[in-house]
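Input: a single structure, listed below in C-alpha cells.
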Amino acid sequence: MIKAAIFDLDGTVLNNEHAFGEAFQFMLTELGAKNLPVLPQIRGIGLGANWEILLKRYNLETNKSTEELEQWTVDEYFKHFEDVSLADGFEDFITSLLENKIRTALATSSPMVLVKKAIEKFSLNRYFDEIVTADDVSKTKPDPEIFLVAAEKLKVPRSFCVVFEDAQAGIEAARKAGMKVVGVETEDREDKLKDVDMKIVNFTKISLADLQEKFE
C-alpha cells in the first residue's frame, strides 16, 4: 500500500529541462565549449555536480568557483523562467492524492533559491506536506539521503513510499532508499529510464487507483 508520494521537481513536476538547457548552453559556450547538445546538463544531480562533470567533459578552464558557477546558472535559468510550466496533469493527480490522505513531499537536488521561484509562480506549497532541497542534505542524488530525509519528515516508512522521477540518478537514489519508483519519461526523450516499477509520459496517464493496484 502507498502512504506517501515523493516528487522530484525539475523535469518531473516542472517542464523546465529546456530552460536549464538554454542556461547551460549559453554558459558553456561562453566558457569555450563547442558542438553542444540541446540539453548539455545531466538530469537530477544538482548544479554543482553538473559543473564538476561538464568542465571535465568539455576540457574547460575557469577562474570561477563552483559556487559562482551555480549562481550564474541560477541567473541564466531565471531568464527563461517564463517558459517553465507545470507537468501535464500534475495538479489534478496530486490533488487526488491529498484528498485520499496520501502524504506528499518534494525532494529536489536543486537549491532552495530555485525552489522558491517555482513555489511563488505555481503555489506549490499547497501541494506538499514537506519540501527537501539540496540545501538540506550533505549529498545529492544518486545518494539516497534526500529521499530518506523526506520519508523521515513525512513520518512514513520507506517501504510505503513511491518516488516520481525523470532522472536515472534519482531513480538510483530511490532504489537505494528502498522505495518504489514511477519513471516520468516524456515522449520526446531519447534516453530511456531503467529500473522503474512503472513508466508514465505525464500525470494524465496515472491515478491513485493505478498506484494502489500496482503496489498493493
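The values are calculated or read from the model by the stated rules, or taken from the named source; none is laboratory data. Remember, predicted model here, so these are calculated numbers, not experimental data. Because the Cβ atoms are built from the backbone with ideal geometry, glycine has one as well, and the counts that use them run over all protein chains shown.
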- Task: State whether one or more residues within region 50-59 are surrounded by 20 or more Cβ atoms within 10 Å (Cβ to Cβ), under 30 Å from Ala4 (Cα atoms) and under 18 Å from the mean Cα position of the chain (by Cα).
- Result: yes
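Keeping to region 86-122, report how many residues are closer than 25 Å to Glu172 by Cβ and free of Cβ contacts under 8 Å to residues at least 40 places away in the same chain. I'd like the intermediate steps shown before the answer.
Residues of region 86-122 closer than 25 Å to Glu172 by Cβ: 87, 90, 93-94, 97, 102-112, 114-115, 118.
Filter once more, so that each one left must be free of Cβ contacts under 8 Å to residues at least 40 places away in the same chain: 112.
Counting residues in region 86-122 that are closer than 25 Å to Glu172 by Cβ and free of Cβ contacts under 8 Å to residues at least 40 places away in the same chain gives 1.
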- Exactly one condition in (1) in the same structural domain as Val163 (by TED's automatic domain parsing); (2) basic (Lys, Arg); (3) surrounded by fewer than 16 Cβ atoms within 10 Å (Cβ to Cβ) is not met by Arg103; state its number. (3)
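Take Asp10 and tell me if it is touching a helix residue (DSSP H, G or I) at 6+ places or on another chain (Cβ under 7 Å) and assigned by TED's automatic domain parsing to the domain that holds Thr140.
So Asp10 fits the description; yes.
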- Item | Residue check for Ala4: closer than 27 Å to Ile146 by Cα and surrounded by fewer than 23 Cβ atoms within 10 Å (Cβ to Cβ) | no
- Message: Within region 70-84, does at least one residue satisfy the condition of being touching a Ser or Thr at 6+ places or on another chain (Cβ under 8 Å) and hydrophobic (A, V, I, L, M, F, W, C)?
- Response: no
- Message: Looking only at region 1-33, count every residue that is of a type in the set (Phe, Trp, Tyr) and at positive phi and tell me the total.
- Response: 0
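Can you tell me which residue in region 166-199 is nearest to the chain's Cα centre (by Cα), limited to those that are aliphatic (A, V, I, L, M) and part of a loop (DSSP other than H, G, I, E, B)?
Ala167
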- Give just the number: which of (1) aliphatic (A, V, I, L, M); (2) surrounded by fewer than 16 Cβ atoms within 10 Å (Cβ to Cβ); (3) closer than 22 Å to Ser138 by Cα does Leu47 not satisfy? (2)
- Check every one of the strands (runs of 3 or more DSSP E) wholly within region 56-165 and list those with 2 or more residues that are modelled with pLDDT under 95. none
- Message: Looking at region 1-53 only, could you name the residues that are assigned to a strand (DSSP E or B) and of a type in the set (A, V, I, L, M)?
- Response: Ala4, Ala5, Ile6, Leu14
